[in-house]
Amino acid sequence: QLQLVESGGGLVQAGGSLRFSCTASGIILHINKVNWYRQAPGKQRELVADVTTGCSANYADSVKGRFTISQDNAKKTAYLQMSSLKAEDAAVYYCDADLTADQDMSMSRNEYWGQGTQGNVSS
């Protein structure tokens with residue numbers, strides 16, 4: 001069964017960097033779009049970055065210039081590189097991908113979510 005598995009969370013000091021990865025299992029034919037969201041305690045989930053294959057990435061104003069979203073279709077993996085981290089960047093980060101996959105000998109396009117991974121920033 002196709003799923004997205006996130007990795008790369010952890011604790012870093014303010015000003016440091018973290019990189020999250022989001023890898024799809026299964027037979028992925030194409031990554032159409034990737035979104036990265038985050039949710040801090042007591043706050044709503046917010047979209048921090050998104051990229052549609054072949055198009056420019058978009059970023060929330062709060063992370064612009066510090067975060068970079070990318071994807072490697074050959075590795076079936078999307079990334080969120082975060083630098084110059086601030087205490088307010090601490091949150092659970094979720095990847096969300098629009099994928100075209102080969103499932104049971106049939107091509108299908110669906111949206112999938114990762115399990116979430118915690119990023120903590122100490123001041």
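The values are calculated or read from the model by the stated rules, or taken from the named source; none is laboratory data. From a predicted model like this one, the values you see are computed outputs, not experimental measurements. With ideal geometry, Cβ positions are generated from the backbone for all residues, glycine too; neighbour counts draw on all protein chains shown. Accessible surface areas use protein heavy atoms only, side chains included; no ligands, DNA or RNA. Shrake-Rupley method; radii C 1.70, N 1.55, O 1.52, S 1.80 Å.
Condition check ((1) within 24 Å of S123 (Cα to Cα); (2) in contact with a Leu (Cβ under 6 Å, 6 or more places away or on another chain); (3) of a type in the set (D, E)) across all residues:
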position: R19; (1), (2), (3): yes, no, no
position: K43; (1), (2), (3): yes, no, no
position: L47; (1), (2), (3): yes, no, no
position: S62; (1), (2), (3): yes, no, no
position: Q71; (1), (2), (3): no, no, no
position: Y79; (1), (2), (3): no, no, no
position: L85; (1), (2), (3): yes, no, no
position: D89; (1), (2), (3): yes, no, yes
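Contact map, region 50-77: first residue without any contact (Cβ under 8 Å) to a residue 12 or more places away in the chain, second residue β-branched (V, I, T), Cβ cut-off under 8 Å, separation 6 or more or different chains; pairs are N58/V51; Y59/V48; Y59/I69.
Residues that are exposed (fewer than 13 other Cβ atoms within 10 Å of the Cβ) and of a type outside the set (A, V, I, L, M, F, W, C): which strands (runs of 3 or more DSSP E) entirely in region 57-123 hold 3 or more of them? I'd like the intermediate steps shown before the answer.
On the way: elements: 67-72, 77-82, 91-103, 106-113, 117-122.
Here the list reads 106-113.
Can you tell me which residue within region 12-43, out of those that are within 17 Å of the chain's Cα centre (by Cα) and farther than 27 Å from D102 by Cα, is surrounded by the fewest Cβ atoms within 10 Å (Cβ to Cβ)? If we take residues in region 12-43 being within 17 Å of the chain's Cα centre (by Cα) and farther than 27 Å from D102 by Cα, then S17 is surrounded by the fewest Cβ atoms within 10 Å (Cβ to Cβ). Annotation note: Cβ proximity below 9 Å between a residue of region 108-123 that is under 20 Å from R19 (Cβ atoms) and without any contact (Cβ under 8 Å) to a residue 12 or more places away in the chain and a residue that is assigned to a strand (DSSP E or B) and aliphatic (A, V, I, L, M) (sequence gap 6+ or interchain) occurs for no pair. Here region 45-56 is the region considered, the condition is being under 17 Å from G119 (Cβ atoms) and open to solvent by 20 Å² or more (accessible area, probe 1.4 Å), and the residue that is nearest to the chain's Cα centre (by Cα) is L47. Inspect region 58-71 for any residue being closer than 30 Å to M105 by Cα and in contact with a Phe, Trp or Tyr (Cβ under 9 Å, 6 or more places away or on another chain) and give the result as yes or no. Checking region 58-71: at least one residue is closer than 30 Å to M105 by Cα and in contact with a Phe, Trp or Tyr (Cβ under 9 Å, 6 or more places away or on another chain).
One residue is enough: does region 33-45 have a residue meeting the conditions without any contact (Cβ under 8 Å) to a residue 12 or more places away in the chain, on the phi < 0 side of the Ramachandran plot and not in a loop (DSSP other than H, G, I, E, B)? No - not one qualifying residue is present in region 33-45.
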